[in-house]
Amino acid sequence: MTRTEIPRVVVVTGGSRGLGRAIALRFGRTGDRVVVNYLSHEQGAAQVVKDVIASGSQAVTCRADVKNRGEVDALFASVVDQWGRIDVLVNNAGITRDVLMLRMTEEDWDSVHQTNLTGPFYCIQAASRIMEKQQSGHIINITSLVGVQGREGQANYSASKAGLIGLTKASARELGRFNIQVNAVLPGYLPTEMGGSVSKQVRDRVTRENVLGRVSDPEEAALFIYLLSTMKNISGQIFNLDSRIL
Ligand code: NDP
């Protein structure tokens, strides 16, 4: 992979582990400057920053709860203070609170929506104000096949990820005039902490339904996301990297 000619500034929410970590490392390896956002795993985020720096690029950690508008605004203000611009935002932070719908509490519902849908909305608003002035920018939202198919025990998560697809399309329509591209990626089932939290029954079913008979790879998803961020003429699209056929 060749290094980008002019280092871009890339914000990855939830970059401390899992898919976000793989995305941060991928952008870092190609020379971009990376902001590794996290909520509580400070050490994980610091290690990602060390690894990006070791690969020859620049990176910083930035703690911010994406559910909190003030913290999100402060995150983007600090990035602009430090590096003057924002070229790519990857809305990757996400959580699950799995429980059957009849037993789902309002807290289970709200916390998942606040993190997976309201968080990206706050981040898109904050980033696009900066990107609008630049007349350029890429926003990539990480959603899920479950947002299209629905899954038992995940009504909250399925609805939040379906909402993120709608948010992607609406934002792409509004922001295209400022040359801001907005796309969504369904990364497929990943063996991360989140992926490990689903039941063996669901894991077995996912692998069975995958035409290649295997789970997805965070590195491969990160490579796709990186390549998408280099495209000049793609917006409002939903990319399914999952080999379960819809
Ligand atoms: P992990 O649980 O491994 O990591 C989640 C990341 O999100 C962590 O970095 C965590 O930070 C961060 N995070 C959670 N809440 C907040 C918050 N309020 N503010 C800021 N950061 C937060 O998840 P994955 O890597 O598996 O998932 C990444 C994305 O991919 C998610 O959006 C998920 O929905 C999506 N996805 C995952 C699939 C899978 O099979 N794993 C399948 C399809 C989609 P910290 O470490 O500080 O807690």
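Of note:
- For segment 107-124, a residue qualifies if it is open to solvent by 50 Å² or more (accessible area, probe 1.4 Å) and within 11 Å of the ligand (Cβ to nearest atom), and exactly one does: Q114.
One line per residue, one yes/no per condition, for (1) of a type in the set (D, E); (2) open to solvent by 30 Å² or more (accessible area, probe 1.4 Å); (3) within 13 Å of the ligand (Cβ to nearest atom):
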{"position": "E71", "(1), (2), (3)": "yes, yes, yes"}
{"position": "F76", "(1), (2), (3)": "no, no, no"}
{"position": "V79", "(1), (2), (3)": "no, no, no"}
{"position": "G84", "(1), (2), (3)": "no, yes, no"}
{"position": "A93", "(1), (2), (3)": "no, no, yes"}
{"position": "V99", "(1), (2), (3)": "no, yes, no"}
{"position": "L102", "(1), (2), (3)": "no, yes, no"}
{"position": "T105", "(1), (2), (3)": "no, yes, no"}
{"position": "A126", "(1), (2), (3)": "no, no, no"}
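- Counting residues in segment 137-155 that are closer than 23 Å to E71 by Cβ, open to solvent by less than 40 Å² (accessible area, probe 1.4 Å) and among the small types (G, A, S) gives one or more.
- Only one of the listed residues (S229, S171, S243, S199) is more than 15 Å from the ligand (Cβ to nearest atom) and more than 17 Å from G20 (Cα to Cα). That residue is S171.
- Close pairs (6 angstrom Cβ cut-off, 6 or more residues apart or separate chains): closer than 23 Å to G176 by Cβ in segment 112-124, open to solvent by 40 Å² or more (accessible area, probe 1.4 Å) and near the ligand (Cβ under 10 Å from one of its atoms) anywhere: G119/K67
- Test: residue in segment 56-67 that is at positive phi and more than 10 Å from the ligand (Cβ to nearest atom): yes
- Considering residues of segment 8-33 that are open to solvent by less than 10 Å² (accessible area, probe 1.4 Å) and among the hydroxyl-bearing types (S, T, Y) only, the residue farthest from A222 (Cα to Cα): T13
- Among the residues of segment 29-44, some residue qualifies, meaning at least one is more than 9 Å from the ligand (Cβ to nearest atom), assigned to a helix (DSSP H, G or I) and without any contact (Cβ under 8 Å) to a residue 40 or more places away in the chain.
- Residues of segment 128-146 that are touching a residue at least 60 places away in the same chain (Cβ under 8 Å) and within 14 Å of the ligand (Cβ to nearest atom): I140, I142, T143, L145.
The values are calculated or read from the model by the stated rules, or taken from the named source; none is laboratory data. These numbers come from a predicted model, not from an experiment. Cβ: placed from backbone, ideal geometry, glycine included. Neighbour counts: every protein chain shown. Quick note on the areas: whole protein, heavy atoms, side chains included, nothing else; ligands and nucleic acids left out. Shrake-Rupley method; radii C 1.70, N 1.55, O 1.52, S 1.80 Å.
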